[in-house]
Amino acid sequence: MGRSGICGLVSSKWGGATGIENNQFLHLYNLNEKRIEWISDTINLDSNASGYAGLRPKFYDGQIYLENDAIYSYNVEDGSLEWRNHYHGRFDNSRLTIADGKVFANNDNNKYLIALDAHTGLEYWRTESANIMSRIVHHDDKIYIAGGLTSDVDRRLHIFDANTGEKILDHTLQVNGDFIGEYAKVITVDPSTGLVYTGDHENLICIDFGL
C-alpha cells in the first residue's frame, strides 16, 4: 500500500440499557484508490469519560499511534493492536512525538514526561514536568516543551535529555517591562541553528540556550 493512506477515528454513540455507549474505531483510508483499507477492532477506553482515543494519529515505522488516557500502537498493514499502555491522566493536550525509536508524551494530570519504546511500549523513563503543556519537540537528542497551567512554578520552558530523561534546563521567564513572565504553550526549534522559538502570550521570543 505504501504511504498512500490517511487514518481517522469514527465515534458512534447510542442509548443502551446501561446508558450511553461509546464505540470508536481506527480507519485507514487509501487516498490513491479512494477506499478504506481496514477498520480496527473497537478501541478500548478506560471509561466513557475518556473522550476520543486519539484526535491526531501519528505514523512511525509501520505503526500508528493514538493517545488519551492510554497510549496505543496499531499495525499499519492490518489495523491490529500492537500494544496499549493505560495510565491515569491524559496525554492528548501536548500531542505525542515519535523520534529515534521512542514515543514521548506528557501526562497532563500527573505532570510527568514519559519515553516508551515505539515498537513494544516498554517504558524507558519518566520525569517530572508540568500539566497542559505545549507540543513536544525532539531535536539533537533533547526534548523541548513549554507552558504549564497550574501555577507560576509550572509555567516554564523545560529541556530534557531524550535518552535518559534527565532535566537539562528548567527556565523561568522573568517578569520585566517587556515580558509578562509566563511561557505560552507553544515551542519550536530551528533544526539548523538550535535556536528555540516560543512566546509569552504577547511576544514572539527567540532564545539561544547554547546547547
Tell me whether the range 37-60 contains one or more residues that are touching an Asp or Glu at 6+ places or on another chain (Cβ under 6 Å), surrounded by fewer than 18 Cβ atoms within 10 Å (Cβ to Cβ) and either in a strand (DSSP E or B) or modelled with pLDDT of 90 or more (or both). no
If you check every pair at least six apart or on different chains, which have Cβ atoms under 8 Å apart with a residue in the range 82-111 that is closer than 16 Å to Tyr52 by Cβ first and a residue that is of a type in the set (Phe, Trp, Tyr) second? Arg84/Tyr72; Asp92/Tyr52; Leu96/Tyr65; Leu96/Phe104; Ala105/Phe91; Asp108/Phe91
Any idea which residue in the range 112-130 is surrounded by the fewest Cβ atoms within 10 Å (Cβ to Cβ), counting only those that are touching a residue at least 24 places away in the same chain (Cβ under 8 Å) and part of a loop (DSSP other than H, G, I, E, B)? Thr120
So which of Thr198, Thr172 is surrounded by 15 or more Cβ atoms within 10 Å (Cβ to Cβ), of a type in the set (Val, Ile, Thr) and either modelled with pLDDT under 95 or in the same structural domain as Ala99 (by TED's automatic domain parsing) (or both)? Thr198
Checking the condition within 23 Å of Met133 (Cα to Cα) and at pLDDT 90 or above, which residue from Tyr65, Tyr74 passes? Tyr65
Regarding the range 98-107, can at least one residue be identified that is closer than 21 Å to Asp200 by Cα and at pLDDT below 85? no
All-but-one check, Glu82 against (1) more than 15 Å from the chain's Cα centre (by Cα); (2) in a loop (DSSP other than H, G, I, E, B); (3) surrounded by fewer than 18 Cβ atoms within 10 Å (Cβ to Cβ), failing number (2)
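The values are calculated or read from the model by the stated rules, or taken from the named source; none is laboratory data. Because the structure is a prediction, the values reported are computed rather than measured. We place every Cβ from the backbone using ideal geometry, glycine too, and count neighbours over all the protein chains shown.
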